[in-house]
């Protein structure tokens, strides 16, 4: 996908973003969690906390089984991102009906405007007993999620085209960001780290094409299982994150190698028109056959009665 520039959309995004944060209640200031960790918990709390596999919930989330569109199973069904989307819009966004990842569950973007105690009520089971994560998340992690939901959610359709997945940032500006901070790990062409396998490679260029919303989330909050600097650590604005995504989307994508054709012994066709050797061989064979027949006939006649 090629990046598209839309400065007007970016400006609108900044205005909405700033006013959205201004609406957050003052109680957020008293919460001691880490919003960046909250972003990682949103992505995959089971991996972020490093909880033993034996301590993870078994089976599917109780609310997951209320839908039939998405057939994923196991711990995947317990992750915030699985239900509410990497764009935070749930069924109303890029993971809407008819698209991969669709579940029908609502998004969480509206939690930016909710009092922190109301957000907590959605995490501790007060509003819905089947949506209680306190058994698996400690108080610090609950507060980190609250801070993330109250202060870090952005309207991704303003920086990513929801229909095509194209970044609306400037890829030329993003190239400088990539070369300065990302190239050392991912390589000049993005192929230094293979997220897949030798037989099915998966590079950062693939990720930018396949799920740009997830890539933006990783750029902003880091990966839950690796030490990856966040956009805040680099001092990047959300616009610069969009620029970086635009450049990532033009990096080469991993292609499976073409199957190697079976080796065939090379034949020499240079003398295929010369039949002299074939004729000579045929004559020799004919003489041998005729001679053999004549000798056998002579012996047979010599052995008849009266011919002694």
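The values are calculated or read from the model by the stated rules, or taken from the named source; none is laboratory data. Because the structure is a prediction, the values reported are computed rather than measured. Counting neighbours? That spans all protein chains shown, and the Cβs are built from the backbone with ideal geometry, glycine included.
Can you spot a residue in the stretch 158-167 that is part of a loop (DSSP other than H, G, I, E, B) and within 13 Å of the chain's Cα centre (by Cα)?
Checked against the condition, which is being part of a loop (DSSP other than H, G, I, E, B) and within 13 Å of the chain's Cα centre (by Cα), the stretch 158-167 yields no hits at all.
Collect the residues in the stretch 173-196 that are assigned to a helix (DSSP H, G or I) and in contact (Cβ under 8 Å) with a residue 40 or more places away in the chain, keeping them in residue-number order.
Residues satisfying the conditions are 173, 174, 175, 177, 178, 181, 182.
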Going through the stretch 82-121 in order, the residues found to be farther than 16 Å from residue 64 by Cα and part of a helix (DSSP H, G or I) are 109, 110, 111, 112, 113, 116, 117, 118, 119, 120, 121
So if I check each of 144, 126, which one is at pLDDT 95 or above and outside any helix (DSSP H, G or I)?
126
Options 150, 161; residue that is modelled with pLDDT of 95 or more and within 16 Å of residue 34 (Cβ to Cβ)
150
Single residue of 111, 164, 134 found to be in contact with a strand residue (DSSP E or B) (Cβ under 9 Å, 6 or more places away or on another chain) and either within 23 Å of residue 85 (Cα to Cα) or without any contact (Cβ under 8 Å) to a residue 40 or more places away in the chain (or both):
134
